[in-house]
1. Filter the stretch 71-126 down to residues that are β-branched (V, I, T), in contact with a Lys or Arg (Cβ under 9 Å, 6 or more places away or on another chain) and under 20 Å from V298 (Cβ atoms), then give me how many there are.
2. Looking only at the stretch 158-200, count how many residues are within 29 Å of D130 (Cα to Cα) and of a type in the set (F, W, Y).
3. In the stretch 260-299, what count of residues is obtained for those that are among the charged types (D, E, K, R), closer than 27 Å to M75 by Cβ and free of Cβ contacts under 8 Å to residues at least 12 places away in the same chain?
4. Would you confirm, using the coordinates I've provided, whether S267 is under 20 Å from the mean Cα position of the chain (by Cα) and at pLDDT below 95?
5. What number goes with the only condition from (1) in a loop (DSSP other than H, G, I, E, B); (2) at pLDDT below 75 that A276 does not pass?
6. Is there a residue being surrounded by fewer than 20 Cβ atoms within 10 Å (Cβ to Cβ), at pLDDT below 95 and more than 22 Å from L175 (Cβ to Cβ) anywhere in the stretch 88-102?
7. Among the residues of the stretch 71-130, count how many are more than 17 Å from the chain's Cα centre (by Cα) and farther than 23 Å from E167 by Cα.
8. Among the candidates G224, G208, single out the residue that is modelled with pLDDT under 95 and at positive phi.
Amino acid sequence: MNLSSVFRGLCSCILPLNAGGTQKSISSILVKPAGPDCNLHCAYCFYLDKNALFPGQKQHRMTDDILRELVKQVMQQGERQVNFGWQGGEPTLMGRDFFERAISYQKRYGRNGQTVGNGLQTNGLLIDEDFARFLKDAEFLTGLSLDGPQHVHDKYRRAKGGQPSWERVVKAGDLLLNAGAEVNALSVVNNYSVHFVEEIYNFHKKSGVAFMQLIPCIEVTAAGNDRKVNYSPGAEEFGRFLCDLFDLWINDFRYGQPTTSVRWFDSVLHTFVGQAAPECTLLEECGVYLVVEHDGSVYSCDFFVE
């Protein structure tokens, strides 16, 4: 299989056109090197059932050939600033050496004047001191999936056997912060956590994490209709959550400047000053954003991996 021609062809089909009819170039790529594999079994996770897309495979791992060709194509076709987001499933199942190789390929295939950013979204269970130090040295932005205080986090974020995960995730956060890594908190707002906005906000702030993404759990039934599942918050509940969160956020301003970052509010402010919002749901159209699964298959968004 000629990976180069396959990847180039898929990109040309998926990437949107500019107003003038020319193909947009790549600026961001979301990579799922371990596919849907994960060492947790969170109740609200929409990606767990993606195992059905790969029948006969008990384990999903991106090969070195696919990794190298992926990085090569992205760096050669991409813009001056290219961003790689490593997600899952749980990407740290690949091991630290996988990401070391990814960095080496980025350096090998990058063009003069081209810069690259790397982000890792992880549940933190496999983060140790060496991994944390690597993420700091390699300048990764690490998004740690931590829903808040223990009673909030362990409500839905548990292992397959039902074991809680909060203590291990908090330990990972401490390791990352102590190593000097750049960390933000990714918290899913569900039907339970929606009632504890102040606890969640203050928990992250006191933990030393000033950058927060609070993402509503908007999940529908497998039948594909509009009926939400039990752990999704109601519209009015989430609206009140955002209002209360805004008050907490703005009350922490010092000398007219925010001391914490809430991605949703940052995105709204971007739109007010005429800039593109970092939050893709606030854009007029889908951005230059591709998803690559462990086997090299390419999708326009991880919600459309099907």
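The values are calculated or read from the model by the stated rules, or taken from the named source; none is laboratory data. Owing to the predicted nature of the structure, the values given are computational and were not obtained by experimental measurement. Cβ: placed from backbone, ideal geometry, glycine included. Neighbour counts: every protein chain shown.
1. Going residue by residue through the stretch 71-126, those that are β-branched (V, I, T) are 71, 74, 82, 92, 103, 115-116, 122.
Add one more test, that the residue is in contact with a Lys or Arg (Cβ under 9 Å, 6 or more places away or on another chain), and what stays is 71, 115-116.
Remaining after also requiring under 20 Å from V298 (Cβ atoms): 71, 116.
So the answer is 2.
2. Kept after step one, since they are within 29 Å of D130 (Cα to Cα), are these residues of the stretch 158-200: 158-188, 200.
When the remaining residues are screened for being of a type in the set (F, W, Y), the result is 166.
Counting residues in the stretch 158-200 that are within 29 Å of D130 (Cα to Cα) and of a type in the set (F, W, Y) gives 1.
3. 0
4. Numbers: under 20 Å from the mean Cα position of the chain (by Cα): yes; at pLDDT below 95: yes.
So S267 passes the test.
5. Looking at each condition in turn, A276 falls short on (2).
6. Taking the stretch 88-102 first, the residues surrounded by fewer than 20 Cβ atoms within 10 Å (Cβ to Cβ) are 95-98, 100-101.
Narrowing further to those that are at pLDDT below 95: none.
No, the stretch 88-102 has no match at all.
7. Qualifying residue count for the region: 29.
8. Details: G208 fails: modelled with pLDDT under 95.
One residue alone meets the criteria, G224.
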